[in-house]
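S.K.: After the structure tokens below, expect a handful of questions from me.
Any read-out appearing in this document is the output of simple, stated calculations on the displayed coordinates, not a laboratory observation. Computed from a prediction, not measured in an experiment: that's the story for all the values here. Cβ sites come from the backbone with ideal geometry, for glycine too, and all protein chains shown count toward neighbours.
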Amino acid sequence: MARLFSFTNLMDRGYRYFFAYSGLRSVSKDLGDGTIMHCWIPKIYKPSKRNLVLLHGFGANAMWQYADILSHFTQKFNVFVPDLLFFGGSYTSRPERSESFQAKCVMKMMGNGFGVRQFNLVGISYGGFVGYSMCVQFPEAVERLVVCCAGICLEEKDLRNGLFRVSDIEEAERILLAQTPDRLKELMKIAFARPIKGIPNYFLSDFIHVMCSGFVKEKRELIQSILNDRRCSRIPKIDQPTLILWGEKDQIFPLTLGERLERHLGENARLAVIANAGHAVNFEKAKEFSKHLKDFLYDDSYSLMSSSPSFYSCREDELH
């Protein structure tokens, strides 16, 4: 039976209007070799501003994950919000599924596509993996990094040792790539410290149909690539000033992984923990989330060395 009304499509159109109202426009770039990347870019690029790239995590397209905080940054920065491969309007026919390949594609789009070769970067969850890889591969490009709830220092053995709510990759895939209302409810239960209750199955099914039914196989391979034979000792250290931002009650990537990353990076990083928030901290605590980003990214004199050991909180031309 045909769907007469889609709340998800309505919301998506609303986000598109909002991004356009905020001074951004939708662009798709052909990177060659069967790879297309979609990105929201400034309608008018201003060289006097610094550049900011916002990378999303698993779930809906990039708009849904950054709409609540976008207005805090468009006045100060030239903001770029790409869809990573197999999300939104981005895809590839190439077989690579690693965060390293995603990072190369984002950098190729920014540098060759838009002529932007230096920027600050925020990565939420999976976007944090990609952002970290960009720092490793293109250290001259990333000025500062914010990693939010991204288990970069996880190890494959953590699954077996009970660190996560799930004990194997297959169960993680079934939850993160929810294809039924019950699975989506389960995902919401572990992603939010206080999950919204009572959402009708119709709306959940509609969201899955619109946002989660495409590229399921490819997204499963992205998850497998992250977890397969991962060891913290193999992860290169980066030199960029790094803010590690975490929800206190994150059940997808527990806080211990944020603490592990802070130890791994040493004096270049500081950990900020937002109280009473889960993995979806950008939704649950958008105001506090934005404040931490602004404190870190806005202050030209910001120095990690002058911070406390660890801080907790409850061209004028148009781009073508």
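S.K.: Report the Stokes-Einstein translational diffusion coefficient (µm² s⁻¹, integer) for region 24-177, Rh taken as the Kirkwood radius over Cα pairs, at 25 °C with viscosity 0.890 mPa s. List each step's numbers first, then the result.
M.R.: On the way: Rh = 16.1 Å.
Approximately 152 µm²/s, per Stokes-Einstein.
S.K.: OK, next. What residues have an amide H closer than 5 Å to that of Arg230, excluding those fewer than 5 places away on the same chain, when H is modeled at 1.01 Å from N in the peptide plane?
M.R.: Glu156
S.K.: I need the phi-derived Karplus couplings for region 139-148: 6.51 cos²θ - 1.76 cosθ + 1.60, θ = phi - 60°, integer Hz, Gly and Pro marked x.
M.R.: Values per residue, Gly and Pro as x: x, 6, 8, 9, 7, 9, 10, 10, 10, 10 Hz.
S.K.: In addition: Report, ordered by chain and residue number, the aspartates and glutamates lying within cross-link reach of Lys29, taken as a straight Cα distance under 17 Å and ignoring same-chain residues fewer than 8 apart.
M.R.: The qualifying aspartates and glutamates are Asp83, Glu318.
S.K.: Counting DSSP beta bridges with both partners in the chain, what percentage is antiparallel, nearest 5? Provide the component values of the computation, followed by the final result.
M.R.: On the way: 12 of 36 bridges.
Roughly 35 percent of the beta bridges in the chain run antiparallel, per DSSP.
S.K.: Determine, from the Cβ-Cβ distance of Arg231 and Thr180 and an R0 of 35 Å, the FRET efficiency 1/(1 + (r/R0)^6), rounded to the nearest 0.05. Mind showing how you got there, number by number?
M.R.: Details: r = 34 Å, r/R0 = 0.96.
Given R0 = 35 Å and the Cβ-Cβ separation, E is 0.55.
S.K.: Then there is this: Which ³J(HN,Hα) values in Hz, rounded to whole numbers, follow from the phi angles of region 173-188 under the Karplus curve 6.51 cos²θ - 1.76 cosθ + 1.60, where θ = phi - 60° and Gly and Pro get x?
M.R.: For region 173-188, the Karplus-derived couplings read 5, 4, 7, 5, 10, 3, 10, 9, x, 5, 5, 5, 4, 5, 4, 4 Hz, x marking Gly and Pro.
S.K.: Could I ask something else about it? How far apart, in nm, are two points set 7 Å out from the Cα along the Cα-to-Cβ line at Lys217 and at Lys43?
M.R.: About 4.1 nm separates the two model spin labels.
S.K.: Another question, if that's okay. Take every DSSP beta bridge whose two residues both sit in region 28-132, then give the antiparallel share in percent to the nearest 5. The partial results should precede the final answer.
M.R.: Values: 8 of 16 bridges.
Looking only at bridges with both residues in region 28-132, the antiparallel portion is about 50 percent.
S.K.: For region 55-145, what size does the Cα cloud have along each of its three principal axes, sorted from largest down, in whole Å?
M.R.: 38, 30, 22
S.K.: Given C-alpha coordinates of the chain, what is the ratio Rg to Rh with the Kirkwood estimate of Rh?
M.R.: Working: Rg = 18.6 Å, Rh = 19.9 Å.
Taking Rg over the Kirkwood Rh, I get 0.94.
S.K.: Then there is this: First select every other residue whose beta carbon is under 13 angstrom from the beta carbon of Cys153; then total the charges, Lys and Arg +1, Asp and Glu -1.
M.R.: Numbers: positive: Lys157, Arg230, Arg231, Arg234, Lys237, Arg260, Arg263; negative: Glu155, Glu156, Asp158, Glu259, Glu262.
Neighbourhood net charge equals +2.
S.K.: So how do 119-132, 278-291 stack up, highest first, on mean other-Cβ count within 10 Å?
M.R.: Per-residue mean Cβ counts within 10 Å order the peptides as 119-132, 278-291.
S.K.: Report the percentage of all Cα-Cα pairs in region 190-238 whose separation exceeds 13 Å, rounded to a whole percent. Present the calculation step by step, with values, prior to reporting the outcome.
M.R.: Working: 875 of 1176 pairs.
When all Cα pairs of region 190-238 are counted, 74 percent exceed 13 Å.
S.K.: I would also like to ask the following. For the peptides 241-253, 87-99, 11-23, 105-117, what is the packing order when you average, over each peptide's residues, the other Cβ atoms within 10 Å and list the highest mean first?
M.R.: Numbers: 241-253: 23.6, 87-99: 18.0, 11-23: 14.9, 105-117: 19.5.
Packing proxy ranking, top to bottom: 241-253, 105-117, 87-99, 11-23.
S.K.: When the Kirkwood hydrodynamic radius is evaluated over all pairs of different C-alpha atoms of region 175-293, what value in angstrom, to one decimal, is obtained?
M.R.: On the way: mean 1/r = 0.0614 Å⁻¹.
For region 175-293, inverting the mean 1/r across all distinct Cα pairs yields 16.3 Å.
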